[in-house]
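Every number in this text was worked out from the coordinates using simple rules, so none of it is lab data. Computed from a predicted model, the values in this text were never measured in an experiment. Note that we place each Cβ from the backbone using ideal geometry, even for glycine, and neighbour counts take in every protein chain shown.
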Amino acid sequence: MIFPRTSAAFLIVIITLIGLGCSTSQKATGDRDVSADSDTAAVNFENMSELQRLLAQNRSSLSDLHTSQKHDMPAAFMKKDSSNETINSNPYDGYRVQIISTRDVQLADSVANQYRAWADTTINGYMARAYTFFRQPFYKVHIGDFQERDQANSFSKLLRRQYPDAWVVHDRINPSNVPADTATFSFQKSDSVKVDSLK
């Protein structure tokens, strides 16, 4: 008879400990929610997904350190440049317009030749050269030589009529082929009539 009483008392102690353990974990969870709410009081949780809410509650203040970090920079280095000239220290540093990137060398050469024929009869203002070269694992065709990205963007807009995937890339250029700063790019009149009629 002593054995059943001891096991019953042991069972009661275990149930009491489990009950206390559950009640303390609920209290800790509630405390964490209160502290998270106070840390992120400005955040509207109703409009967030569950993942966004979890990230907002657990964000470390260290991630925002760079926004409040101060640097001891001398005032002389913080002054703006007084000259209005932009100096390009490397004249070979510039932009080109990429019209194709492929693993087929014959296709790249064919596109470059098609561009030359099309540009000779279509584009006014700048006779941009086509460059075919290999950068592993692709053969690429780049057009033109531009020191200013704005000029390259203007020229790429013309090329997109024929080559929709054309985009501006940073590249080593030939400074002797750079267009003048005052150059404007346009279609020849016979083609501009056709282009306008398509709109």
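Just a few scattered comments:
- Members of segment 124-140 that are touching a residue at least 12 places away in the same chain (Cβ under 8 Å) and over 27 Å from Lys189 (Cα atoms): Thr132, Phe134, Pro137, Phe138, Tyr139, Lys140
- Positions within segment 149-158 being under 23 Å from the mean Cα position of the chain (by Cα) and surrounded by 14 or more Cβ atoms within 10 Å (Cβ to Cβ), in sequence order: Gln151, Ala152, Asn153, Ser154, Phe155, Ser156
- All of (1) buried (at least 17 other Cβ atoms within 10 Å of the Cβ); (2) in contact with a Gly (Cβ under 9 Å, 6 or more places away or on another chain); (3) of a type in the set (S, T, N, Q) hold for Thr122 with one exception: (2).
- Complete set of residues in segment 89-116 that are over 19 Å from Asn177 (Cβ atoms) and either surrounded by fewer than 12 Cβ atoms within 10 Å (Cβ to Cβ) or β-branched (Val, Ile, Thr) (or both): Ser89, Ile100, Thr102, Arg103, Val105, Gln106, Val111
- Residue, nearest to Gln151 (Cα to Cα), within segment 125-137, restricted to residues that are loosely packed, with under 15 Cβ neighbours inside 10 Å and not basic (Lys, Arg): Met127
- Subset of segment 117-148 [farther than 19 Å from Ala180 by Cα and among the polar types (S, T, N, Q)]: Thr121, Thr122, Thr132, Gln136
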